[in-house]
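Notes follow once the structure below has been shown.
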């Protein structure tokens, strides 16, 4: 911990008695410090005299990491302490504003529960007894363990998992250089259905809406006012203020629903029928864009045939939305088109038919020809697109002969390797088939909470010889690990550069690390070298890595540190390409009927499949986000926790009355695999056949003092059910009973 | 009455006790020399007095410190025990409550709060700065080090008969005790006494608690009218 000292402007004040006295003390300080045998370990002679020091507020640009949106921010630092975080007005993701989580980033840095040193387990796994280790000792141990696993069982016996972050590419570099194909990410737990639904239709999932010009938006399960995507949330509010009509499908009356022109408390899974009916009406009434469909789509006739029977009346009982209103939405959407779009969302209603629902949404947009039109769907050119960064010349990765444990591509032939099916990977570790896994390296991820059916994940952990966690907090997964490697927070470290379109942004330390922690880039390098993978980790340090990235961009690192970002001029040719109608599908057109899906035995066009409803007296268990929290990673943040210290379970007054449940009562929520206890929130803002809670509470790690034992974790009762096409977990398929915890 | 030399020596011992344990400390605890040094210091401060500054049972407990490690043959094992306990108590732990060694936590529930900033300012006034990679400015050991610094300064002023420096240093000590040490050390020590599984830390926490109470009393007993003027000057600057 050091403090940035700056000279006070000269000429102010004379030599006061106090300053004279302090000057005297300072002059003898050196002698005092030297007089102690062994010196002082935590205090040293300052480089400047006290009367030369002044509090000086510095603003340092960097990139937020309180969620995955990566807003640009400016950290205000005084005396080496971060006193305020503000949105960077030049960053397209924040535009000068930060969400509640972004503002509370200070408390991620100054959370007293942070991991402060490498630790190695000394008791039984899960007992929570660790000892301090040096970085060398901990890394040697991990590397030795990984080498042993590789030699005895092959590299595939090592599982690696990570969530979405800037250093993820280097983590993947480590994984591929080591040679394991077994990679677990958050993707199948979140957006596989959307990514694949749009990719199978448009050839890309990198799709956004033109909020500035739109007149009509349909959201399905997307709650942008709680699941904040800063700039997009700002866009939505601006669009509403401008008069755009917003339709929200959600079994719950969300904050976004409260701003909507129409809110439909749709039956979970019935959303597919709703969108099929919208498509039916648009086709039947001839409201589609004939020119666009003819020129840029394929499979029209197959679609028409399949949708023939899908009238609003047909859909009504499936989605619980009146036929007349479905017709009205179709009419309004078509009238507003092409200045209208149905949002891709993240995972629709999160059921077994979510993939086909996403397909139906993609098709709805295609029928009205809103692609690249003002107010319609746009390729977002989001992160990773645009500027190409420099990289090191590396040898090819070793060939991986082993099949993946998550069933990709044998069981899930269309799921991209990059996405994977994380829950299947966990299940394969548990079964020990087709081959046993022996180690798991976890980078900034918390599978013990994020994967459904926590008991099963714990069981899988017991099969392993080595579990290593890299994180900033002592979360549940760290608690069950053998080695914990503490990472510096995003305000203390560099990360690989962030590219947004034609801009490149720098995450840089705004204060030095408070504890004995390291950046992910350094941890991967040190581990990679111990594994003998020198050619894959050629950078000397983080700055050297970033300088190599900047070789293709005309800005120096020093300049980038000051500005926080660099913007490259967009060439006209590139702008022209933007306007082209090119689709990376097998036929080069938008696929209303997908040949690829047909070839592997799936439905080429969306087809309705009735999903089981809850038995009498039971509920769909729904989960979603709140604005103050990011998954399971922010509950220990004291500023955020003050607002939502625990999660509750939403239940409709009718359902509550039958069970004698009053607002604030403790209730049991029980599924086939477990039971949790939560406080009831009795509200009309939810369908009577659904209950809802937010995810991320119910931490078992007592190292998280703020959030330990607060609320309960939905993963304890969520069954692991998987959409067969996209590999997405189908959380809303779990049904539960609810009853009072005490009479 | 705690003499200057005794205070300095006791502070040195306390800094060693509450810093991350090293092999030397483990050896000294096991062979008994660490507790002997403390007991001797206590004895020297109360020499010629009918009443000892420290409770008798505390002195007895300090004397018995090596007993805890009687069964442990190797110094390295003693170090492992100390190290694990230090980690559990002061750094990171999972299954049980532990102790936060940062003053800011006791006032604001966080690290690097107002207390840390105030400490930084005090250190800066004395030409000091936290060491990079060392503990935070309001960490228990950093504050003990600053207290040691002030006590050494007091000794220097005293031996050189520099009255102005002596009085100013006493004011600084009083200020540091009032604004910082006394606001959280007692609670922190109580928590260590409650939660430590290793008697070494429990005993050292009790020793520290007694030490600061005595130190604080000592400063107030010897406060003169002139000191008040200097104090006012110092605090309002």
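Brief remarks follow.
- Residue within the range A:122-138 that is closer than 30 Å to residue A:343 by Cβ and modelled with pLDDT of 95 or more present: no
- Any hit, the range A:68-82, residues being within 14 Å of chain B (Cβ to nearest Cβ) and part of a loop (DSSP other than H, G, I, E, B): yes
- Qualifying residue in the range B:173-188 (condition: over 14 Å from the mean Cα position of the chain (by Cα), in a helix (DSSP H, G or I), facing chain A (nearest Cβ under 9 Å) and in contact (Cβ under 8 Å) with a residue 40 or more places away in the chain): no
- Checked against (1) within 10 Å of chain A (Cβ to nearest Cβ); (2) on the phi < 0 side of the Ramachandran plot; (3) surrounded by fewer than 22 Cβ atoms within 10 Å (Cβ to Cβ), residue B:145 passes all but condition (3).
- Scanning the range A:111-121 for residues that are closer than 21 Å to residue A:527 by Cβ and either facing chain B (nearest Cβ under 7 Å) or without any contact (Cβ under 8 Å) to a residue 40 or more places away in the chain (or both) returns A:115, A:116, A:117, A:119.
- Any hit, the range A:136-146, residues being within 14 Å of another protein chain (Cβ to nearest Cβ) and surrounded by 22 or more Cβ atoms within 10 Å (Cβ to Cβ): yes
- Elements of the type helices (runs of 4 or more DSSP H) sitting completely within the range B:17-98 and holding at least 3 residues that are at pLDDT 90 or above and more than 14 Å from chain A (Cβ to nearest Cβ): these cover B:23-31, B:33-45, B:56-63.
- Filter result for residue B:106 (facing chain A (nearest Cβ under 10 Å) and in contact (Cβ under 8 Å) with a residue 24 or more places away in the chain): no
- All positions within the range A:122-167 that are over 25 Å from residue A:493 (Cβ atoms), more than 29 Å from the chain's Cα centre (by Cα), in contact (Cβ under 8 Å) with a residue 60 or more places away in the chain and not in a helix (DSSP H, G or I): A:154
- Any hit, the range A:275-298, residues being under 25 Å from residue A:730 (Cα atoms), under 28 Å from the mean Cα position of the chain (by Cα) and buried (at least 23 other Cβ atoms within 10 Å of the Cβ): yes
- Of the residues making up the range A:665-685, not a single one is within 20 Å of the chain's Cα centre (by Cα) and more than 19 Å from residue A:268 (Cβ to Cβ).
- Within the set A:561, A:551, the sole residue that is surrounded by fewer than 20 Cβ atoms within 10 Å (Cβ to Cβ), in a helix (DSSP H, G or I) and under 27 Å from the mean Cα position of the chain (by Cα) turns out to be A:561.
- Filter result for residue B:140 (out of contact with any strand residue (DSSP E or B) (no Cβ under 6 Å at 6 or more places or on another chain), facing another protein chain (nearest Cβ under 8 Å) and in contact (Cβ under 8 Å) with a residue 60 or more places away in the chain): no
- Residues that are more than 7 Å from every other protein chain (Cβ to nearest Cβ) and not in a loop (DSSP other than H, G, I, E, B), drawn from the range B:149-163: B:150, B:151, B:154, B:155, B:157, B:158, B:159, B:163
- In the range B:122-136, the residues that are more than 7 Å from every other protein chain (Cβ to nearest Cβ) and either in contact (Cβ under 8 Å) with a residue 12 or more places away in the chain or buried (at least 24 other Cβ atoms within 10 Å of the Cβ) (or both): B:122
- Candidate set from the range A:476-526 (those that are within 14 Å of another protein chain (Cβ to nearest Cβ) and assigned to a strand (DSSP E or B)); member that is farthest from residue A:165 (Cα to Cα): A:483
- Screening A:485, A:448, A:464 for residues that are surrounded by 24 or more Cβ atoms within 10 Å (Cβ to Cβ), over 20 Å from residue A:718 (Cβ atoms) and modelled with pLDDT of 95 or more leaves exactly one candidate, A:485.
- Filter result for residue B:25 (surrounded by 21 or more Cβ atoms within 10 Å (Cβ to Cβ) and under 23 Å from residue B:141 (Cα atoms)): no
The values are calculated or read from the model by the stated rules, or taken from the named source; none is laboratory data. Nothing here was measured: the structure is a model prediction, and the numbers come from that model. Using ideal geometry, Cβ is built from the backbone for each residue, glycine included, and neighbour counts are taken over all protein chains shown.
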